[in-house]
1. Can you list the strands (runs of 3 or more DSSP E) found entirely within segment 123-184 that contain at least 1 residues being over 28 Å from Leu83 (Cα atoms) and open to solvent by 20 Å² or more (accessible area, probe 1.4 Å)?
2. Taking segment 68-81 on its own, how many of its residues are surrounded by fewer than 18 Cβ atoms within 10 Å (Cβ to Cβ) and either out of contact with any Ser or Thr (no Cβ under 7 Å at 6 or more places or on another chain) or under 21 Å from Gly172 (Cα atoms) (or both)?
3. Quick one: would you say Thr119 is surrounded by fewer than 15 Cβ atoms within 10 Å (Cβ to Cβ) and among the β-branched types (Val, Ile, Thr)?
4. Before we move on, is Gly54 touching a Ser or Thr at 6+ places or on another chain (Cβ under 6 Å) and at pLDDT 95 or above?
5. Which of (1) free of Cβ contacts under 8 Å to residues at least 40 places away in the same chain; (2) touching a helix residue (DSSP H, G or I) at 6+ places or on another chain (Cβ under 8 Å) is the odd one out, the single condition Glu57 does not satisfy?
6. Keeping to segment 49-73, report how many residues are within 15 Å of Val128 (Cα to Cα) and not charged (D, E, K, R).
Amino acid sequence: MRLKLSSVLLSSLSLLGGACIVEAPGGASPEERRAATVTQVPPLSLRNGANLGGKVELVGATVQPGRIAPGDQAKVTLYFKVLQPIEDDYLVFVHVEDPEGRMERMNVDHKPAGGMYATSQWKPGETVKDEFNIALPSGASPRSLNIWLGLWEPRSDTRLKLTNPDAVRNDGRDRILLGQVPVAR
């Protein structure tokens, strides 16, 4: 039986053309390394669907880069689809917090579209792009950042009501959790 097994193994090896196992070299070539690495984390694409007052839908957003390091900043781009005319001029309120609540909240409230296109001028059917930056202080050490936002009218100090709270992550106070951005170590 032993002789039969070894002859089967030898005939199998001859079918492979005398193949032998050779270990791979210890490291990747420069070309392989370039193909397997990136110089920047790609954008973090976030879908949302929050409906604000039946007037605006936050369709989605991107965060570029998709990971932020202490001392750096990331560009956030929001996409609002206009559903109905808006009578008032709202600001985009943005709260950046760490999930554990150890870091002081950063407020990045601003006029939408760089202040060039007030919400009272938005037309149904349009998709409005809004861009802003978030910066992580050099000494900060959270593992990630939560980006909360919504639309806020400063004269009356009211937020545009979230009409589909069961469909999106929110805090119950018309504040939408856009997403969580990882922090680079």
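1. Numbers: elements: 127-135, 144-153, 176-182.
Counting at least 1 such residues, we get 127-135, 176-182.
2. Residues that pass the stated criteria total 4.
3. Values: surrounded by fewer than 15 Cβ atoms within 10 Å (Cβ to Cβ): no; among the β-branched types (Val, Ile, Thr): yes.
The answer is no for Thr119.
4. Values: touching a Ser or Thr at 6+ places or on another chain (Cβ under 6 Å): yes; at pLDDT 95 or above: yes.
Yes: the conditions hold for Gly54.
5. Status for Glu57: all satisfied but (2).
6. Our first condition is that a residue be within 15 Å of Val128 (Cα to Cα); within segment 49-73, this holds for 49-52, 55-62.
Add one more test, that the residue is not charged (D, E, K, R), and what stays is 49-52, 56, 58-62.
Of the residues in segment 49-73, 10 are within 15 Å of Val128 (Cα to Cα) and not charged (D, E, K, R).
The values are calculated or read from the model by the stated rules, or taken from the named source; none is laboratory data. Quantities reported herein were computed from a predicted structural model and do not represent experimental measurements. Every residue, glycine among them, receives a Cβ derived from its backbone with ideal geometry; neighbour counts consider all protein chains shown. For accessibility, only protein heavy atoms count, side chains too; no ligands or nucleic acids. Shrake-Rupley method; radii C 1.70, N 1.55, O 1.52, S 1.80 Å.
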